[in-house]
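Here is the structure we will look at.
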Amino acid sequence: MVLPVFNLWGPAAGVVVTCSFYVLVSYLYDPYGIRKYPGPFSAKFSYAWILWVGITGRRSQRIHDAHNKYGPIIRISPCELSFSDPAVYPVIHSNLFTTLSKTDHGQKRRLLHPLFTAQVAREFTPRTSSLMAQLIDKWESHYISSEAGFIWFDCVPWITLLAFDSIGEFIFGEPFGMIESGSDSVTVPTDLQLPFVMDKATDVEHYPISLAHIVSMRERYNYPLGLLPKWWRPIGLRVLRKEAQAAEIFSAFVAHRLAERLSTTVPQLENAHDLVGRFLHKSQAQSEEFRPESLVAELITILVAGSDTTRNALIAALYYLAQSQNAQRNLQAELDSHMTSCTISYTDIEVLPCLNACLNETLRLYSPVGIGLPRTVPHPGMSISGAWLAGGTTVGVPIYTVHRSAALWGGHPEEFRPERWLQGDGAQAGLDADALKAFSDGPMRCIGKHLALAQLRVMIAAIFKRFDVVLEVPESPLHIEEWFVRKATECRIGLRRR
Ligand code: HEM
């Protein structure tokens, strides 16, 4: 039998010619006029590079490396430039927005801003203290034996429970009960239709899920889609079906929690200490119509933004202070002289220099959000750092890179040195806390900054007042996987009661 012989050269040549044509056209079609900027080769004609650095889980580090290789202004996708000069940060963040219109964003901000003031954050600290007391009791009963010596465990799962309970308490007025149960399991209604869930808070069927799992699946859906242009999204939706379902489940979870909260009697809204209660009180006081559906979207953002970031900042603080025993001893000496017992009075610790130096240094070196938050140049265009950019160009300044500028932070920016924030003793005089961009800047900066700082002060003080902390493997790096937030995946520590 004679087999037919196919000539594959023709189709192969066709593929090569089509690809070359696509690359050439994409490269030459340069609507924003940014072809002249250097950067990784594939970023000149496709989204492949930015997608690749995104899914490797090391986006901030790789963009930082690309700046070291190519210079201060680099092209990281066909429509996006990244700037490494810290001086560009305020220019971009005080004037530019995302594609969300300035008016929409401003309205949303005005609505939420009064619920996130420094006073609200301060009033919340006794609740953080009581969650910390609960966590410390758990650690003591699980891990601390009568023997002197360190007990070893991975602190990431526990800090995750703490962060969820804390945001649950802040939003709905009660924790999810995770520290108590030692598990992140929550129940979700089997019917995911929002109106149904909103109507019947109590008698719907439920099933259990891991909240940490569902939140991270949701991020695996939102994050890559956010990196791609709109016309790629239908493909993303097909590929990431499971992740898209996680996003739906999470929305139903939040909607149902809100419905439950609204079904409880709130006798005096003016005394409500949770975000939902204060929001309702504000709506009533201003005779505004309250639509629960519109609050759900805000609560989804706040629940994720307010738990993942704080959780990772606290893990990083534990890691750095466990690694730097000198810094830990200085912090403990300060806590011992200002805290008479393990019960925390926030006014006693709010302004402690060493505690704040350790916190600032953690937020500088770790920075839970490390990327350049993308902003869009308004039409017809504007000049940034001497470069004229057309309207519609996306621009960003990576926080990770700004936080490693030797010009801003002095020597050894890669090292954890809280003393750089303190005056005297070889510290760099005049270090400016405004140069810290962990919470970003301008009209879109983090709304939860006061709350996060207050919570972190209380959490760090509670742990180091009670325990000596060391790393199981002192030289091991902190393992991080980056999506939108840089997440610590494991941090094995040893605890010993002081
Ligand atoms: C260490 C903790 C935290 C860090 C490092 C952090 C960082 C950030 C950053 C960098 C942004 C983006 C700002 C921008 O686009 O310019 C942001 C936005 C936001 N954060 Fe935080 N955050 C933290 C804690 C919190 C907490 C505790 C909450 C609330 C409970 C919160 C709620 C939000 C919200 C709602 C936004 C969106 C703001 C807007 O679009 O106007 N964050 N955060």
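The values are calculated or read from the model by the stated rules, or taken from the named source; none is laboratory data. All of these numbers come straight from a predicted model, not from anything done at the bench. Every residue, glycine as well, gets a Cβ built from its backbone with ideal geometry; the counts of neighbours run over all protein chains shown.
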Looking at the structure I just gave you, is residue 375 within 11 Å of the ligand (Cβ to nearest atom) and touching a Leu at 6+ places or on another chain (Cβ under 6 Å)? yes
Restricting the first residue to region 301-316 and requiring it to be at negative phi, which pairs with a second residue that is of a type in the set (D, E, K, R) and more than 8 Å from the ligand (Cβ to nearest atom) meet a Cβ separation below 6 Å and a spacing of at least six or different chains? 312/487
If you go through region 256-263 one residue at a time, do you hit one that is at pLDDT 85 or above, under 27 Å from residue 373 (Cβ atoms), surrounded by 18 or more Cβ atoms within 10 Å (Cβ to Cβ) and not hydroxyl-bearing (Ser, Thr, Tyr)? no
Picking from 84, 60, 77, which residue would you name as being modelled with pLDDT of 95 or more and away from the ligand (no atom under 16 Å from the Cβ)? 84
Residue check for residue 442: among the small types (Gly, Ala, Ser), within 13 Å of the ligand (Cβ to nearest atom) and at pLDDT 95 or above: no
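The rows are residues; the columns are (1) part of a loop (DSSP other than H, G, I, E, B); (2) more than 16 Å from the ligand (Cβ to nearest atom); (3) within 26 Å of residue 443 (Cβ to Cβ).
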residue: 322; (1), (2), (3): no, yes, no
residue: 327; (1), (2), (3): no, yes, no
residue: 330; (1), (2), (3): no, yes, no
residue: 348; (1), (2), (3): no, yes, no
residue: 371; (1), (2), (3): yes, no, yes
residue: 400; (1), (2), (3): no, no, yes
residue: 416; (1), (2), (3): yes, yes, no
residue: 420; (1), (2), (3): no, yes, no
residue: 423; (1), (2), (3): yes, yes, no
Kindly list, by first and then second residue, each pair from a residue in region 380-408 that is aromatic (Phe, Trp, Tyr) to a residue that is more than 16 Å from the ligand (Cβ to nearest atom) and assigned to a strand (DSSP E or B), limited to pairs with Cβ atoms under 7 Å and residues at least 6 apart or on different chains. 388/381
Does region 229-239 contain any residue that is modelled with pLDDT of 90 or more and not aromatic (Phe, Trp, Tyr)? no
When residue 298 is evaluated against the numbered criteria (1) under 22 Å from residue 481 (Cα atoms); (2) within 16 Å of the ligand (Cβ to nearest atom); (3) touching a helix residue (DSSP H, G or I) at 6+ places or on another chain (Cβ under 8 Å), which criterion, by number, is the only one it fails? (1)
Within region 146-156, work out how many residues are modelled with pLDDT of 95 or more, of a type outside the set (A, V, I, L, M) and touching a helix residue (DSSP H, G or I) at 6+ places or on another chain (Cβ under 8 Å). 1
Out of all the residues in region 279-293, is one or more more than 30 Å from residue 55 (Cβ to Cβ), in contact (Cβ under 8 Å) with a residue 24 or more places away in the chain, within 16 Å of the ligand (Cβ to nearest atom) and in a helix (DSSP H, G or I)? yes
Taking into account only those residues within region 469-478 that are surrounded by fewer than 13 Cβ atoms within 10 Å (Cβ to Cβ) and not β-branched (Val, Ile, Thr), which is nearest to residue 311 (Cα to Cα)? 477
Restricting attention to region 395-412, the residues that are modelled with pLDDT under 95 and crowded, with 16+ Cβ neighbours inside 10 Å number exactly 2
Which condition does residue 340 not pass, out of (1) under 24 Å from residue 125 (Cα atoms); (2) outside any helix (DSSP H, G or I); (3) within 14 Å of the ligand (Cβ to nearest atom), if it passes all the others? (3)
Residue 447 - would you say it is under 22 Å from the mean Cα position of the chain (by Cα), within 16 Å of the ligand (Cβ to nearest atom), buried (at least 21 other Cβ atoms within 10 Å of the Cβ) and not charged (D, E, K, R)? no
If I filter region 429-439 down to residues being over 19 Å from residue 121 (Cβ atoms) and not acidic (Asp, Glu), which single residue comes out as farthest from the ligand (Cβ to nearest atom)? 429
Checked region 373-398 for anything in a loop (DSSP other than H, G, I, E, B) and β-branched (Val, Ile, Thr); matches are 377, 393, 397
Need the failing condition index for residue 250 against (1) modelled with pLDDT of 95 or more; (2) under 23 Å from residue 448 (Cβ atoms), just the number. (1)
Can you pull out every residue in region 336-370 that is without any contact (Cβ under 8 Å) to a residue 12 or more places away in the chain and under 30 Å from residue 398 (Cα atoms)? 351
Which numbered condition in (1) within 30 Å of residue 397 (Cβ to Cβ); (2) surrounded by fewer than 19 Cβ atoms within 10 Å (Cβ to Cβ) is the only one that residue 333 fails? (1)
Across region 356-369, what is the number of residues that are of a type in the set (Ser, Thr, Tyr) and either away from the ligand (no atom under 11 Å from the Cβ) or touching an Asp or Glu at 6+ places or on another chain (Cβ under 6 Å) (or both)? 0
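Which residue out of 458, 469, 473 is among the aliphatic types (A, V, I, L, M) and within 16 Å of the ligand (Cβ to nearest atom)?
The unique qualifying residue is 458.
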Inside region 200-250, can you point out the residues that are surrounded by 16 or more Cβ atoms within 10 Å (Cβ to Cβ) and part of a strand (DSSP E or B)? 209
Tell me, which residue of region 1-50 that is at pLDDT below 75 and among the polar types (S, T, N, Q) is surrounded by the most Cβ atoms within 10 Å (Cβ to Cβ)? 26
